[in-house]
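These notes are about the structure you will find just below.
The values are calculated or read from the model by the stated rules, or taken from the named source; none is laboratory data. Computed from a prediction, not measured in an experiment: that's the story for all the values here. Virtual Cβ from ideal backbone geometry, glycine too; neighbours counted across all protein chains shown. Ligands, DNA and RNA are excluded from the accessible area calculation, which covers all protein heavy atoms including side chains. Shrake-Rupley method; radii C 1.70, N 1.55, O 1.52, S 1.80 Å.
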Amino acid sequence: PGTQTIGNLHICVRKKDAGSNYLMWYTGDVASSSRKIFLATSSDGISWTKNGQVLSDDGHTHMPSVIWDANESLWKMWYTSGSSTYGIHYATSANGVSWTIYGSNPVFAVDSNPVAWDKTSVRSSEVIYDADDSLYKMWYWGNNDDTDPGTYGIYGTGYATSPDGITWTRQGQISDSTRLITGEVLKINGKYFMIHGVGPHIGYSMSLDGIGWDDDPDNPVIMAATEAWNPSYIQAPSIVYDSGGNLLRIYYNGADYSLPADGTNIGLATTPFLP
């Protein structure tokens, strides 16, 4: 496997159960134009051991979203891959290390409609399995024009559902903002909670249906440039909820703009959480 050279990006932290280790899948650059997915493990969620590259696909392979399926005893990952056009791909693993990629094409591709808002790129998926509805639910970032990297044409957050995590049905664009995609979603006691990017900071939103979201009036809830490592921005949070201790762990990546490109690190914030 390739050796990581730059950055710790697009993290996803999970546990099978209360007694298991923490697993962190994250994006790392193995060359100036190639991103792959790596794994790190931890017994306490604080001190981590890098396990190297675990997944590589065509072009950039990054932005993992992972869940544990206890019924099938499988880790399931949706990730972004591609070069000029990005799509959402799918892989499974029994141990989180050795992955089997499903098929040769994305399971969720750009919209073929020439006037669609997400006709150019779909990426940065966040997937949960909603047992209440027996559905996989995906929130993702899309756009319709890559000719201007500063604007991306029309862009925003889309929503899709699937009975098996492979065949997806678009439910439409739910926001014209990127704030609802640089983050993760949990469903607890019938409510959806999202931790997401708010400018250079991290914010919090809540929803009753996963479609209409209300921002917390105190957003942002985690501020950049307030820590010893002084990140100029923080983004792409990953959530671990300890239901027994009612504790929310929020992992996120950040960097100091004054540092070289490899100065991207991962931080942790915790808070009591009583939904």
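Scanning segment 136-161 for residues that are modelled with pLDDT of 95 or more and surrounded by fewer than 18 Cβ atoms within 10 Å (Cβ to Cβ) gives a single hit, 161.
Condition check ((1) under 30 Å from residue 145 (Cα atoms); (2) modelled with pLDDT under 95; (3) open to solvent by less than 40 Å² (accessible area, probe 1.4 Å); (4) within 15 Å of the chain's Cα centre (by Cα)) across all residues:
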{"residue": "58", "(1), (2), (3), (4)": "yes, yes, no, no"}
{"residue": "73", "(1), (2), (3), (4)": "no, no, no, no"}
{"residue": "81", "(1), (2), (3), (4)": "yes, yes, yes, yes"}
{"residue": "84", "(1), (2), (3), (4)": "yes, yes, no, no"}
{"residue": "109", "(1), (2), (3), (4)": "yes, no, no, no"}
{"residue": "115", "(1), (2), (3), (4)": "yes, yes, no, no"}
{"residue": "126", "(1), (2), (3), (4)": "yes, no, yes, yes"}
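For segment 204-219, the criterion of being open to solvent by 40 Å² or more (accessible area, probe 1.4 Å) and either under 29 Å from residue 29 (Cα atoms) or among the aromatic types (Phe, Trp, Tyr) (or both) is satisfied by at least one residue. Return the pairs, sorted by first residue and then second, in which the second residue is not in a loop (DSSP other than H, G, I, E, B) and not acidic (Asp, Glu), the first residue lies in segment 11-31 and is over 14 Å from residue 52 (Cα atoms) and open to solvent by 50 Å² or more (accessible area, probe 1.4 Å), the beta carbons are less than 7 Å apart, and the residues are 6+ apart or on different chains. Close Cβ pairs satisfying both conditions: 15/22; 15/240; 16/68; 21/41; 21/42. For segment 164-179, state whether one or more residues are hydroxyl-bearing (Ser, Thr, Tyr), within 18 Å of the chain's Cα centre (by Cα) and under 18 Å from residue 66 (Cβ atoms). Taking every residue of segment 164-179 in turn, none turns out to be hydroxyl-bearing (Ser, Thr, Tyr), within 18 Å of the chain's Cα centre (by Cα) and under 18 Å from residue 66 (Cβ atoms).
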